[in-house]
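Laboratory data are not the source of any read-out in this text; all were calculated from the coordinates shown. Computed from a predicted model, the values in this text were never measured in an experiment. Here the Cβ positions follow ideal geometry from the backbone for every residue, glycine too, while neighbour counts run over all protein chains shown.
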Amino acid sequence: MKIDRQIGILSILLQKDKITTAELAEKFEVSRRTIIRDIEDINRAGIPIVTSQGQNGGVSIMENYKMDRTVLSSAEMQAIFAGLQSLDSVSGTNRYKQLMEKLSVDYSDTIKADNHIIIDLSHWDKALVSEKIELIKAAMERQEKIRFSYFSPNGESEREIEPYHLIFQWSSWYVWGYCMQRNDWRMFKLTRMTALQCTGKKREKREVPEYTSDKLLHTKGEIEAIVKFDKSVRWRLVDEWGSNTFEEDEDGNLIVRFTWSDTASFYNWILTFGAKAEILEPESYRREFAQVLADMQKKYEL
């Protein structure tokens, strides 16, 4: 990708005083003309690259430019590579491993065997998500719409969207974009998508709002409830919601005030706690949830 290559060129220039365009072209497996265009783009971005002719000529960052050439120290490079490695964990192409090798002049010295940071973002079934990520990335680069079947608590639906962001959040991968069926911005979980394909249709030119990573409990159409949890599941509430989201009653039980997107998904989540959770308010939710439990019990009556 173009941006990957330009980051690589900058990294090399930060670590070497000078390098020829022919050497860069060989390293990145592109033509010298492509490297020259990349250097022009870097110049336009505000980082002055100068070219000198002759036997010892080449390209370099302008002398005395305020950017510190040690800005990418060994420790910082390792942090960058750890992040790039995490992207490789969901990609079947080794693209980011190749980029890591190109980013560093001496890759073996920068990535040490005793690097203690391992980031694995892959799904338990890696192919299930990685193929979707690659397809959506390609669609975004071509500014095309995508189409898929989507499964949600409200049932199955056919969607066509203009994808703008791939997001790893709440331990899962999502695509965020403009939904043609809802005429609004929506986020879709990749594992709930099937029959994903590019449409070949260009997305519209529209003003894209800034993406914000609001929690799921703040989604539209929210409902409110108060739930009591047994103190033995404190670890899970801390893990999923944080340590400051509940109060303790006199018996040590945990009281949580929730907002949620809909009652169906709220009840399903409460069920995962078994007898360790009790809906306290509102009374209408208690009665409705009791009916859910009664319907379940009927299936197991002898």
Relative contact order of the range 217-298, pairs being alpha-carbon contacts under 8 Å that are 6 or more residues apart, as %: 40 percent
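Could you rank the peptides 129-138, 257-266 by their average count of other C-beta atoms within 10 Å per residue, with the highest value first?
Packing proxy ranking, top to bottom: 129-138, 257-266.
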Per DSSP, loop chymotrypsin sites (Phe, Trp or Tyr not before Pro) in the range 155-210 with at most 13 further Cβ within 10 Å: Trp170
Glu224 paired with Ser157, simple spin-label distance in nm, labels 7 Å along Cα-to-beta-carbon: 2.6 nm
Per DSSP, loop trypsin sites (Lys or Arg not before Pro) in the range 8-50 with at most 16 further Cβ within 10 Å: Lys16, Lys18
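Which of the GluC sites (Glu not before Pro) found in the range 166-267 are in a DSSP loop and have at most 10 neighbouring Cβ atoms, other than their own, within 10 Å?
Glu204, Glu207, Glu210, Glu250
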Cross-link table Lys137/Lys201; Lys189/Lys231; Lys189/Lys228, entries beyond 20 Å C-alpha to C-alpha: Lys189/Lys231; Lys189/Lys228
